[in-house]
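The values are calculated or read from the model by the stated rules, or taken from the named source; none is laboratory data. Please read these numbers as outputs of a predicted model, since none were measured by experiment. Quick reminder, even Gly has a Cβ in these numbers, built from the backbone with ideal geometry, and neighbours come from all protein chains shown. Just so you know, the surface numbers come from the protein's heavy atoms only, side chains and all, with ligands and any DNA or RNA stripped out. Shrake-Rupley method; radii C 1.70, N 1.55, O 1.52, S 1.80 Å.
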Amino acid sequence: MQRDKTQIEHQQGATSVALSYEAASATSEPEYFELQSQEPVRPLQRYALCVEYAGAAYRGWQTQKEKDVASIQETVELALSAIANEPVKVICAGRTDACVSGTYQIIHFDTAAQRPERAWVMGTNTKLPDDIAIRWAKRVDDSFHARFSALERRYRYLIYSAPVKPGLLSRGVTWTHKTMDMSRMQAAANYLIGEHDFTSYRAIGCQAKSPVREVRAMDIYRAGELIVIDVRANAFLHHMIRNFAGVLMKIGAGEAEPVWAKEVLDAQDRTQGGVTAPPYGLYFVDVKYPDRYELPKSELGPYFLMQNG
């Protein structure tokens with residue numbers, strides 16, 4: 001879908017501001033430049049950005065080794081590099097899998113380019129496809145790290161339970177024709193709260209050094225026509241939430257008892273963990289950082305949910 005003309009004009013204006021700012025900086029201090037054979041090295045500045053994206057068209061967040069394979073990271077880096085007029089590499093709060101979406105993915109990067117925060121947002125958005133957007137940008141000090149400074153991460157998994165498949169958001173929710181009993185799902189989810197060895201709930205190829213994670217909350221509720229699995233943890237393992245969802249959906253459909261979630265957990269064996277749920281209903285919605293960084297708070301998307309929790 002083409003962007004609104006007025007929106008495009010505003011974003012193009014922001015890009016022009018960024019480039020004119022660079023041009024002005026390059027021609028400043030003429031007396032200094034007369035004495036130097038090369039331009040002075042500008043100090044690096046660190047920025048934190050919030051990225052929102054629909055993941056259906058991408059092979060996940062991380063740049064892929066294969067050529068011509070779309071990833072969120074590479075697409076964002078190319079757009080930022082165009083605004084910075086220099087190569088930009090970013091680090092994210094949490095790498096999402098193929099077809100997984102994000103409403104509050106936090107990244108950081110270092111650059112010598114002098115740009116106002118508005119240009120990093122509006123200017124970069126003119127270089128991005130319609131399914132990726134920069135929501136905000138903020139200058140941060142060098143102690144900030146998108147991954148290692150994070151205290152907690154939050155995902156939401158959206159299930160559309162109905163006899164007929166949806167025509168809208170078919171790649172934005174996970175559809176099941178089965179009726180889900182949310183009370184059974186919540187009873188099962190309660191077994192997974194706390195610090196545990198989640199070997200049974202991670203992908204066999206997961207590269208994390210330890211399978212131990214702390215799940216701080218897992219709530220099952222309805223938002224309009226959608227059933228939401230809302231999970232907060234210090235960190236997550238590869239496929240961890242999709243494996244949670246696979247087990248909870250089987251229990252919700254009455255095909256296993258709630259205690260089965262604990263039995264799977266205690267087995268510490270992925271082969272006991274059931275089906276990995278599809279990626280389309282999964283959204284990375286929040287990351288918590290120390291208050292001293294004063295980052296804008298997450299609006300707990302996706303925005304089409306009727307209940308934010």
Using the Kirkwood radius built from alpha carbon pairs, what does the Stokes-Einstein equation give as D for the stretch 47-197 at 20 °C and 1.002 mPa s, in µm² per second? 123
Over the chain, calculate the relative contact order: mean separation of alpha carbon pairs under 8 Å at least 6 apart, over the residue count, as a percent. 20
Using 0.36 nm per residue, how much length does the chain from Gln64 to Glu214 gain when fully extended, once their Cα-Cα distance is taken away? 51.1 nm
Diffing the stretch 234-244: the Karplus 3J(HN,Hα) column from phi (6.51, -1.76, 1.60, θ = phi - 60°), in whole Hz with x for Gly and Pro, holds 5, 6, 10, 9, 4, 6, 4, 6, 5, 6, 4
Lys and Arg at +1, Asp and Glu at -1: add these up for the other residues within a Cβ distance under 9 Å of Ala56 and post the number. 0
Accessible area expressed per residue, the chain, with surrounding protein chains retained (probe 1.4 Å, Å²): 51
What is the Cα convex hull volume of the stretch 221-309 when expressed per residue in Å³? 127
In the stretch 198-247 the accessible area split gives carbon plus sulfur, as whole percent at 1.4 Å, a share of 45
Comparing Lys178, Lys262, Lys209, which has the greatest mean-square fluctuation in the GNM of the chain with Cα pairs linked when under 10 Å apart? Lys209
Can you give me the orientation-averaged projected area of the convex hull built on the Cα atoms of the chain, in nm²? 18.5
Return a single number: how many Lys pairs in the chain, at a sequence separation of 8 or more or on separate chains, have alpha-carbon atoms below 28 angstrom apart. 25
Tell me, what are the semi-axes, in whole angstrom and largest first, of the equivalent ellipsoid of the stretch 119-167 as set by the roots of 5 times the Cα gyration tensor eigenvalues? 32, 21, 6
Show me, for the stretch 271-285, the HN-Hα J-couplings you get by feeding each phi into the Karplus relation (A = 6.51, B = -1.76, C = 1.60, θ = phi - 60°), rounded to Hz, glycine and proline as x. 5, 8, x, x, 7, 7, 5, x, x, 5, x, 9, 10, 8, 10
With x for Gly and Pro, the residue-by-residue ³J(HN,Hα) of the stretch 77-92, computed from phi through the Karplus equation 6.51 cos²θ - 1.76 cosθ + 1.60 at θ = phi - 60° and given in whole Hz, is 4, 5, 5, 5, 4, 5, 6, 6, 6, 6, x, 10, 10, 10, 10, 10
Hits in the stretch 89-123: amide N under 17 Å from the 7 Å Cα→Cβ extension of Phe148, namely 90-95, 107-110
